[in-house]
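The values are calculated or read from the model by the stated rules, or taken from the named source; none is laboratory data. Because the structure is predicted, anything quoted here is derived from the model rather than measured. Here the Cβ is made from the backbone with ideal geometry for all residues, glycine too, and neighbour counts use every protein chain on show.
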Ligand SMILES: C[S@@+](CC[C@H](N)C(=O)[O-])C[C@H]1O[C@@H](n2cnc3c(N)ncnc32)[C@H](O)[C@@H]1O
């Protein structure tokens, strides 16, 4: 956070849930992940934020292991409102599980927070290691051809009343585009425009070929690729690159033990 006047990290985490409610019945992207999660015996949600996806999975009767991982303490504070799910503070690259999850997810473009090559490689290696042989990693990244960052400017403001009854005005502003890394600010202001808080974020916009190069190098094969939540292919008009990648056996690795 760059400037904080009266809007704490916990307020920002609560506001996130208000602005981005997890609702598989309403948002096809949430429905896409919900289906995968409910069908998997164990799930690692990387960059879980406030934990809404796993909360709902448990609420809907998921009885297996659910674990949310995120470096943001305030977001995890909200996630921890449910104690029947494991919550771990840390980055994707810091994950140290060994072949225990059927499914890993990175939802709501969390994957784009992996900005440098080194962090991408370390994160993919750790996610792959956490998956059982044949386990799947599902995530989406915004397609660079749609240039989403061009819409992140103060002419698009969003007015909302937060949970405590405060009238707020929110907007984004792109600061720089350097190669495939976009840096922008998110501002939370009072209704009269007084700035309460500004957060700066950098996101990476990988193209398909570069993404697939990282996935192959890390030991994943691509099981499914979509350009939209309706399941259509990636086209010249796609705004998303949606991937289900499968953990592939690397040279020298022993095959997984057959269950009897
Ligand atoms: C846009 S939010 C998405 C949160 C949640 N997945 C959702 O669907 O609402 C991106 C999340 O990625 C997390 N994040 C940032 N860098 C990360 C990293 N290196 N490893 C894992 N998560 C990270 C942030 O803390 C944030 O909670």
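From the list 54, 18, 36, pick out the single residue that is assigned by TED's automatic domain parsing to the domain that holds residue 230, part of a helix (DSSP H, G or I), in contact with a strand residue (DSSP E or B) (Cβ under 8 Å, 6 or more places away or on another chain) and exposed (fewer than 15 other Cβ atoms within 10 Å of the Cβ).
Every option except 18 fails the conditions.
Restricting to segment 215-233, what's the tally of residues that are within 30 Å of residue 253 (Cβ to Cβ) and buried (at least 17 other Cβ atoms within 10 Å of the Cβ)?
Qualifying residue count, segment 215-233: 5.
Which residue, of 88, 115, is at pLDDT 95 or above, assigned to a loop (DSSP other than H, G, I, E, B) and surrounded by 14 or more Cβ atoms within 10 Å (Cβ to Cβ)?
Going through 88, 115 in turn, the sole match is 115.
Applying the selection to segment 81-108, what residues are out of contact with any helix residue (DSSP H, G or I) (no Cβ under 9 Å at 6 or more places or on another chain) and either at positive phi or within 9 Å of the ligand (Cβ to nearest atom) (or both)?
Listed by number, the list holds a single entry, 90.
Right, residue 199: closer than 21 Å to residue 10 by Cβ, modelled with pLDDT under 95, surrounded by 12 or more Cβ atoms within 10 Å (Cβ to Cβ) and touching a strand residue (DSSP E or B) at 6+ places or on another chain (Cβ under 7 Å) or not?
Against the criterion (closer than 21 Å to residue 10 by Cβ, modelled with pLDDT under 95, surrounded by 12 or more Cβ atoms within 10 Å (Cβ to Cβ) and touching a strand residue (DSSP E or B) at 6+ places or on another chain (Cβ under 7 Å)), residue 199 does not qualify.
Could you check segment 57-73 and list, in sequence order, the residues that are crowded, with 17+ Cβ neighbours inside 10 Å and within 10 Å of the ligand (Cβ to nearest atom)?
Scanning segment 57-73 gives 68, 69, 70, 72.
So which residues in segment 186-196 are surrounded by fewer than 17 Cβ atoms within 10 Å (Cβ to Cβ) and assigned to a strand (DSSP E or B), if there are any at all?
186, 190, 195, listed by residue number.
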